[in-house]
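A short write-up of the structure that comes next.
The values are calculated or read from the model by the stated rules, or taken from the named source; none is laboratory data. Keep in mind it's a predicted model, so treat the numbers as computed, not measured. Note that we place each Cβ from the backbone using ideal geometry, even for glycine, and neighbour counts take in every protein chain shown. Please note that ligands, DNA and RNA were not included when accessible areas were found on the heavy atoms of the full protein model with its side chains. Shrake-Rupley method; radii C 1.70, N 1.55, O 1.52, S 1.80 Å.
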Amino acid sequence: MFDTLTNTIPNRPGVGFKAQHAAEVMARPAALGWVEIHAENYMGDGGPALAQLRALREVYPVSCHGVGLSIGGERPLDTDHLARLRKLVDWLEPALFSEHLAWSTHDSGFLNDLLPLPYTQAAVDRIVSHITQVQDVLGKQMLLENPSTYVAFAQSEMDEITFLREIATRSGCGLLLDVNNVFVSATNQDYDPVAYIDAFPLDHVGEIHLGGHEEDADEVGAPLLIDTHSRPVVPDVWQLYAHTIARGGPRPTLIEWDNDVPDWPVLEAELTRADQVLTHA
Amino acid sequence: MLEGFGAALLDPDAKVPDGVIRPDGHPAWRRFTVYRNNVVSSLIDALETGFPTVAKLVGTEFFAAMAGVFVRAHPPSNPLMFKYGAAFPDWIAGFRPASSLPYLPDVARLDLARREAFHAADAAPAAPTLLAEIAPEALDTARLRLLPSLRVVTSSFPILTIWRINHEGADLPLTQTAQSVLILRPEMTVTMWPLPTGADTFLMALSDGAPLAEAAEAAAMVHRDFDLSTTMQTLIPARAFAGVIDA
């Protein structure tokens, strides 16, 4: 249905699409190479949201980012939701589909947050089976995103990179490396973000996310960064991003700004900055 | 393990789940609270987006307090946030702190109907000459198909006037009149129309598949002053019909 020539995501900056920027995005600004949408916002039967997405897909490569599959959860995947996702992916034909190393579905309902989990061998087995199911239903490879975390689990048996690498190797999924999440988690869990990037299996990375966070502190005054997607990318994260690109080469890079969304020129400046890192790689 | 974590998120009195720790190995109370706040505030935000007129009428602070009680008791059943809150209007009707605003549940129903119309399936409205194209002898038994986005909210309060005052800054007199409102999306914009007496019953009969004459009779049974021609004079310009269902 769509032009297959636009069906790959280039190693350029992309943006998380917001309806308030529709006019500016449809004008095809030079710094913008592709767009990403949240799958769950486009699962209605019709109306302006779907019409807008169709228009976007006609002029941009589109990446589809799920926020509701609860891939890290202990319970079986919601097959109704998987069917909705398949319906969307079938008509949209996105160049990429990604989801989170997190969970959100609980006995009481859908908790609408990306919740953390202990990194155990049992969790690897469970997540590999969930990802295999997703890739089978969608008929395409998915990317799994590293989380931003505020807590650790005493039950964890391995570090995050070992966990992600084993999942990617066994399921055949790719990885989405959120560099801001690396910085947030490393600060919150007290490890070195540069060492994390240096150990990360960058060969598996099909996309990078950059976003803003806010600073807080816990009850003993230890730094606590909150992944809010509500601010510009901070200088430390730009630096970590440049280090990532220098080490692994250019990758499609998304600017995520989901809350307190600014006027378009502010986002465009972030895109331009990412473009400079990518073109000088 | 994760079930306990999830239950503690919705219970403000629950302790930090076992094994959830800070980098120094101690229980991560403040850090766990970040997740707890994110879950509740993101759901409250979803309701505030979905019920903008309710939020405007009661103010942000009251809305957050009211929605906070609802989201802990009724978290969404699936990840589609644009569908969340279908049970909110009925729940508001039983929420005592809001009882001084008796029209609030119906205003919530109007907000919900607008949201449903926005996301409903697309369908081209029939031409305004729809009825003229039906042979006169077939008119009584003709079955009309309504637009998939069509909703009706009937209230003992002037909910359409309340909506227009709040969103369009309309300078309208607020009288104690009941209003029945037609909500639909003929193209990409949701529109609303005040309905004449009995039109709600008439539309409900049509959506159940009743032929024109039968639906008009049903409306006249319930509302003595139902008038088919007045009703059609609203429904046709509103573009409520998608076409005629073949017999």
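Summary of values
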read-out	value
Test: residue in the stretch B:99-114 that is touching a Gly at 6+ places or on another chain (Cβ under 8 Å), modelled with pLDDT of 95 or more and not in a loop (DSSP other than H, G, I, E, B)	yes
Qualifying residue in the stretch A:155-164 (condition: facing chain B (nearest Cβ under 9 Å) and either out of contact with any strand residue (DSSP E or B) (no Cβ under 8 Å at 6 or more places or on another chain) or open to solvent by 10 Å² or more (accessible area, probe 1.4 Å) (or both))	yes
Any hit, the stretch A:221-232, residues being touching a Leu at 6+ places or on another chain (Cβ under 6 Å) and at pLDDT 95 or above	no
Within the stretch A:68-93, considering residues that are surrounded by fewer than 21 Cβ atoms within 10 Å (Cβ to Cβ) and part of a loop (DSSP other than H, G, I, E, B), the one farthest from the other protein chains (Cβ to nearest Cβ)	A:E93
Given (1) buried (at least 21 other Cβ atoms within 10 Å of the Cβ); (2) within 28 Å of B:P148 (Cα to Cα), number of the condition A:A22 does not satisfy	(1)
Enumeration of residues in the stretch B:114-158 that are polar (S, T, N, Q) and open to solvent by 20 Å² or more (accessible area, probe 1.4 Å)	B:T129, B:T141, B:T154, B:S156
Residue pairs meeting the criteria (Cβ under 6 Å; at least 6 apart or on separate chains; first within 14 Å of chain A (Cβ to nearest Cβ), in the stretch B:126-155; second among the basic types (K, R))	B:S149/B:R185
Total residues in the stretch B:44-65, condition crowded, with 17+ Cβ neighbours inside 10 Å and more than 18 Å from the chain's Cα centre (by Cα)	1
From the options B:G68, B:G4, B:G50, residue that is within 23 Å of A:F110 (Cα to Cα), more than 7 Å from every other protein chain (Cβ to nearest Cβ) and in contact (Cβ under 8 Å) with a residue 60 or more places away in the chain	B:G50
Within the stretch A:208-221, tally of residues that are open to solvent by less than 30 Å² (accessible area, probe 1.4 Å) and among the hydrophobic types (A, V, I, L, M, F, W, C)	2
Residue list for the stretch B:73-113, filter: open to solvent by 20 Å² or more (accessible area, probe 1.4 Å), over 23 Å from A:P48 (Cβ atoms), more than 14 Å from chain A (Cβ to nearest Cβ) and not acidic (D, E)	B:W91, B:A93, B:G94, B:F95, B:R96, B:P97, B:S99, B:S100, B:L101, B:P102, B:Y103
Odd one out for B:N166, checked against (1) in contact with a Ser or Thr (Cβ under 7 Å, 6 or more places away or on another chain); (2) under 22 Å from B:D208 (Cβ atoms); (3) assigned to a helix (DSSP H, G or I)	(2)
The stretch A:8-19, residues that are surrounded by 14 or more Cβ atoms within 10 Å (Cβ to Cβ) and in contact (Cβ under 8 Å) with a residue 60 or more places away in the chain	A:I9, A:P10, A:N11, A:R12, A:P13, A:G14, A:V15, A:G16, A:K18
Restricting the stretch A:127-146 to residues that are open to solvent by 50 Å² or more (accessible area, probe 1.4 Å) and not in a loop (DSSP other than H, G, I, E, B), the residue that is nearest to A:D203 (Cα to Cα)	A:T132
Matching residues in the stretch A:25-63 - criterion: being away from chain B (no Cβ under 14 Å), crowded, with 19+ Cβ neighbours inside 10 Å and of a type in the set (D, E)	A:E36
